[in-house]
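The values are calculated or read from the model by the stated rules, or taken from the named source; none is laboratory data. Just so it is clear, the structure is predicted and the values come from calculations on it, not from any experiment. Glycine gets a Cβ as well: all are built from the backbone with ideal geometry, and neighbour counts include every protein chain shown. Keep in mind that these areas ignore ligands, DNA and RNA; they rest on the heavy atoms of the full protein, side chains included. Shrake-Rupley method; radii C 1.70, N 1.55, O 1.52, S 1.80 Å.
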Amino acid sequence: MLFRSLILAVSRWRPIRSMVTRSRIFRPLVSRFVAGESLDSAIASAEALAAEGLFSTLDLLGENVATVEEAAQAREAYIEVVNRIAKSPHRDLINISIKLTALGLDQGEDVAEANFKQLLAAAQPHNIFVRADMEASEYTERTVAMIERVHAEYPNTGTVMQSYLKRLDGDLTRLLALPTRVRIVKGAYLEPETVAYQDKAVVDQKYVEAAQRLLKAGHYPAIATHDEAIIQSLRGFIKKEGIAKESFEWQMLYGIRRDLQSSLRAEGFNVRVYIPYGEQWYPYFTRRLAERPANLIFIAKATFRK
Ligand SMILES: Cc1cc2nc3c(=O)[nH]c(=O)nc-3n(C[C@H](O)[C@H](O)[C@H](O)COP(=O)(O)OP(=O)(O)OC[C@H]3O[C@@H](n4cnc5c(N)ncnc54)[C@H](O)[C@@H]3O)c2cc1C
């Protein structure tokens, strides 16, 4: 946890950001986690995964836009993604993940809501599910409340719960009351201990409890993790409770544990790969670096080889 906090804190410094985005050293590692900069490359990745029976969710990278105009541009870009998915022969296997701060949450809840609804209205006729990713804790309440407001009109949406947050149980109750599809994750942001557990064992334990609750509730939850011990333990739970394989999906990130993605699929589970793409990869990339010290060792080796 200390390593993670350090990397997330350092990555906010401007000189570091500028060094990482300009240097070629980081490119091989960026391309491991990000499926290119264009929509074409993201669709190509999704179709290649679909050919193996894997579902996907496309994330056009970008968060915290600075103006209402940029939020409208993001909305139009997401609508373009929806229209491209609708034309794909694998459209039933592909959906999208968005960030409400890309749709203008910093500019106002009304701004984000208007953009979000337009996007949902574009996606609904194609039966495309649009998930609002969960961002830093300052946005949690606004995100949950947004889903509560729009869900009745647009049931093709849901959001994400982070097991490091102390408010998790109450939010889960609210989302299950709708009911909506929930993705459970551990949480990727730098959060103070007033709002988030700092001890990994506690975060893991809360994750398992929340995943079990979602699996039992049965509204097609997404169990998003690469943690093999947790996956094993949940598989035991699923078996014991007689939960059908098609009543939920595992989710993993593009470029992480391809072996596990394929083996779960081969066993007949639904597996969805989260495919990030686009030019604004820096914040996403630093969250992935922070999750695993080995990713930095990879960079260090590449640097010293030069
Ligand atoms: C589909 C999906 C969507 C997500 N959406 C959100 C979201 O909306 N909001 C949010 O806050 N977080 C989100 N996350 C990130 C999540 O919160 C965690 O930060 C991330 O999944 C790592 O946690 P873990 O469950 O894999 O467990 P960890 O305990 O972090 O990792 C378990 C094992 O997985 C592997 N692993 C994990 N991360 C990496 C990595 N970066 N590089 C290489 N190997 C790795 C390693 O083998 C590691 O030992 C999402 C994750 C997934 C899979």
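Can you tell me which residue is surrounded by the fewest Cβ atoms within 10 Å (Cβ to Cβ) among those in the stretch 149-173 that are more than 16 Å from the ligand (Cβ to nearest atom) and β-branched (Val, Ile, Thr)? I'd like the intermediate steps shown before the answer.
To start, the set of residues in the stretch 149-173 that are more than 16 Å from the ligand (Cβ to nearest atom) comprises 149-156, 169-170, 173.
Those left that are additionally β-branched (Val, Ile, Thr): 150, 173.
Values: Val150: 18, Thr173: 10.
Here the residue is Thr173.
Restrict the check to the stretch 42-53 and report whether at least one residue is closer than 20 Å to Tyr277 by Cα, at pLDDT below 90 and of a type in the set (D, E, K, R).
Checked against the condition, which is being closer than 20 Å to Tyr277 by Cα, at pLDDT below 90 and of a type in the set (D, E, K, R), the stretch 42-53 yields no hits at all.
Are any of the residues in the stretch 287-295 more than 9 Å from the ligand (Cβ to nearest atom) and either open to solvent by less than 60 Å² (accessible area, probe 1.4 Å) or not in a helix (DSSP H, G or I) (or both)?
Narrowing the stretch 287-295 to residues more than 9 Å from the ligand (Cβ to nearest atom): 293.
So of that shortlist, the ones also either open to solvent by less than 60 Å² (accessible area, probe 1.4 Å) or not in a helix (DSSP H, G or I) (or both) come out as none.
No, the stretch 287-295 has no match at all.
If I filter the stretch 199-236 down to residues being among the polar types (S, T, N, Q) and surrounded by 14 or more Cβ atoms within 10 Å (Cβ to Cβ), which single residue comes out as farthest from the chain's Cα centre (by Cα)?
Initial filter on the stretch 199-236 (among the polar types (S, T, N, Q)): 205, 212, 225, 232-233.
Pick out the ones that are also surrounded by 14 or more Cβ atoms within 10 Å (Cβ to Cβ) and you get 205, 212, 225, 233.
Working: Gln205: 20, Gln212: 20, Thr225: 10, Ser233: 22 Å.
Here the residue is Ser233.
With respect to the numbered conditions (1) open to solvent by 30 Å² or more (accessible area, probe 1.4 Å); (2) within 25 Å of Met161 (Cβ to Cβ); (3) assigned to a helix (DSSP H, G or I), which one is the sole condition not fulfilled by Leu8?
The single condition Leu8 does not satisfy is (1).
Closer than 22 Å to Gln205 by Cα, within 12 Å of the ligand (Cβ to nearest atom) and either surrounded by fewer than 20 Cβ atoms within 10 Å (Cβ to Cβ) or among the charged types (D, E, K, R) (or both): does that describe Arg257?
On the way: closer than 22 Å to Gln205 by Cα: yes; within 12 Å of the ligand (Cβ to nearest atom): yes; either surrounded by fewer than 20 Cβ atoms within 10 Å (Cβ to Cβ) or among the charged types (D, E, K, R) (or both): yes.
Considered against the rule, which asks whether it is closer than 22 Å to Gln205 by Cα, within 12 Å of the ligand (Cβ to nearest atom) and either surrounded by fewer than 20 Cβ atoms within 10 Å (Cβ to Cβ) or among the charged types (D, E, K, R) (or both), Arg257 comes out as yes.
Name every residue in the stretch 174-197 that is more than 26 Å from Thr157 (Cβ to Cβ) and within 14 Å of the ligand (Cβ to nearest atom), in order of residue number.
Narrowing the stretch 174-197 to residues more than 26 Å from Thr157 (Cβ to Cβ): 190, 192-194, 197.
The answer is Leu190, Tyr197.
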